[in-house]
Amino acid sequence: MKRLTWILSLLLCCASTLGAADATVKLPPFTRVQLKNGITLLLMEQREVPLISMSLIVKAGSVADPQGKEGLAAATADLLKKGTKSRSSDQIASELDFTGGTFEMTGSIDFTSGNAEFMKKDLRKGLDLMADILMHPAFPQEEVKKLLDQNIDQLKSAKDRAASVIGRYYYAYLYGSHPYGRPTGGDEISLPSITRADVEKFYETYYVPGNLILAAAGDFNPPEMRQMIEERLGAWPSRNAPPVPVEAPKPSSGKRLLLVDKPDSTQTYIYIGNLGVARTNPDRIGVSVVNAVFGGLFTSHLNTALRIDTGLTYGANSIFTQRRQPGPFTISTFTKNATTGQAIDLALQILKDLHEKGLTDKELQSAKAYLKGQYATNLETTNQLASTIASLEFFGLGPNDVDSYYSKVDAMNTAEAQRIIKQYFPLDHLVFVLVGKASEIRPVAQKYAPKIDQKNITQPGFF
């Protein structure tokens, strides 16, 4: 309860610092230093509440998984808290509970991320614990086996719920052999092949100071914080990791369709799209404005047509997922088996209308106001601020990426929106992934692509 009170206070204080939605959002100043062993350290002083948040990035995610070992980066991240050379998993959990602190690591596609948070009075204890976890993981064999067995069981369970796995089928089908097509959490084939030795090798290769970004925001004096971190992480031997090159993927050409048969399904889950934009694409803000109108808001064209006007679904949306290289553009919805064709036809018609009619000035103004209001709320807490500056560092962006957001949103007009639509919202080249009862929906699916690829949901893997 005490921790919740502090967090609520922090939200109010930081909100007043950043200003209202109609003001300019400016990223608070921070210091960037390179420690002697290669760690990139980012320090942002925020004195409103006696709380320190830290965000970590290890510059290796599932794109660094060896072929056939998909899920290794994610498993390595999950296993860090399962014991060190001097602390058991239970001791780590107990120390975190005692201080009210948090520490989590999560594997994703481009990188592995972590978050830690401690009250100011417990900072030294928290840093001691965090340093031990990062520098001295033990990877106990029983914990490795338990985690991998759990992941396999969870994957089997997830395949009982089409909504939980359609994204993995879509990424695999869209990207093919490109690293972005790999399942971040692995699959039924790769997970059983991962060994403790694999985990140790991944850790030794990529969890090195030269591959680590550590950002901290909160109630501290930056020089003192730097000294505390150096005292704990400075002994980590200086090493660089091998680069993890990720080439730009090629967009899908023509129309392709994957039908994943789930014989007991009464609904069809639908993903439609192609490649989108990278995190560093200069048009990404314009794309987000257009997408808000098309499929990003509850009142969007897609949701209005498929949910509000026709009742074909409880929800329809679109999203551009930004990564180091172009991430996916995805239109998603679900509907009853009997209305599968009607829902897809309507979604495609809304996409066609977007190209032919564009956006009105009123729609643009509404989307701009919404996005600016939401953007401010993503920079309110020390946790959000630490994550933001760590992410900017990883993608090679600076504070201006935040500071210029409002002006770039405001610069959008109907003519620029039309250019964005033609360039980034594919109409003739589309990938379809449907998960549902193939015996009922295959005849309908045949009209959307010249050839259908089909897979049963019980088969291992995702494509």
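Any read-out appearing in this document is the output of simple, stated calculations on the displayed coordinates, not a laboratory observation. Note that the structure is predicted; figures quoted are calculated from it, not measured. Because the Cβ atoms are built from the backbone with ideal geometry, glycine has one as well, and the counts that use them run over all protein chains shown.
A few remarks follow.
- Taking the longest Cα principal axis of the chain as reference, the axis of helix 141-158 is set at about 20 degrees.
- Chain lengthening between T310 and E45 when straightened (0.36 nm per residue, less Cα-Cα): 90.3 nm
- Ordering of 421-433, 304-316 by burial proxy (mean other Cβ atoms within 10 Å per residue, highest first): 421-433, 304-316
- Theoretical ellipticity at 222 nm over the chain - DSSP helices of four or more residues, -39500 (n - 2.57) apiece, nearest 500: -12500 deg cm²/dmol
- Degrees, to the nearest 10: 222-233 long Cα axis against longest axis of the chain: 90
- Burial order of peptide ranges 277-283, 258-264, 77-83 (average beta-carbon count within 10 Å, highest first): 77-83, 258-264, 277-283
- Point-to-point label distance, S177-T414, nm (Cα→Cβ direction, 7 Å offset): 4.8
- Angle in degrees between helix 2-18 and the longest Cα principal axis of the chain, rounded to the nearest 10: 70
- Extending 7 Å from Cα along the Cβ direction at R32 and again at F298 yields two label points whose distance is 3.9 nm.
- Contour excess over end-to-end distance, with Cα ends at F98 and D149 and 0.36 nm allotted per residue: 15.4 nm
- Note on the range 147-199: dipole from Cβ charges, positive end direction compared against L155, Y175, I194; the farthest Cα belongs to Y175.
- On the basis of the beta-carbon distance and an R0 of 56 Å, D361 and E200 show a calculated FRET efficiency of 0.45.
- Put simply, the C-alpha atoms of the range 2-233 give a gyration tensor, and the ellipsoid matching it has half-axes of 33, 22, 18 Å, longest first.
- Relative contact order (percent, whole number), the range 321-463, Cα cutoff 8 Å, 6+ residue spacing: 36
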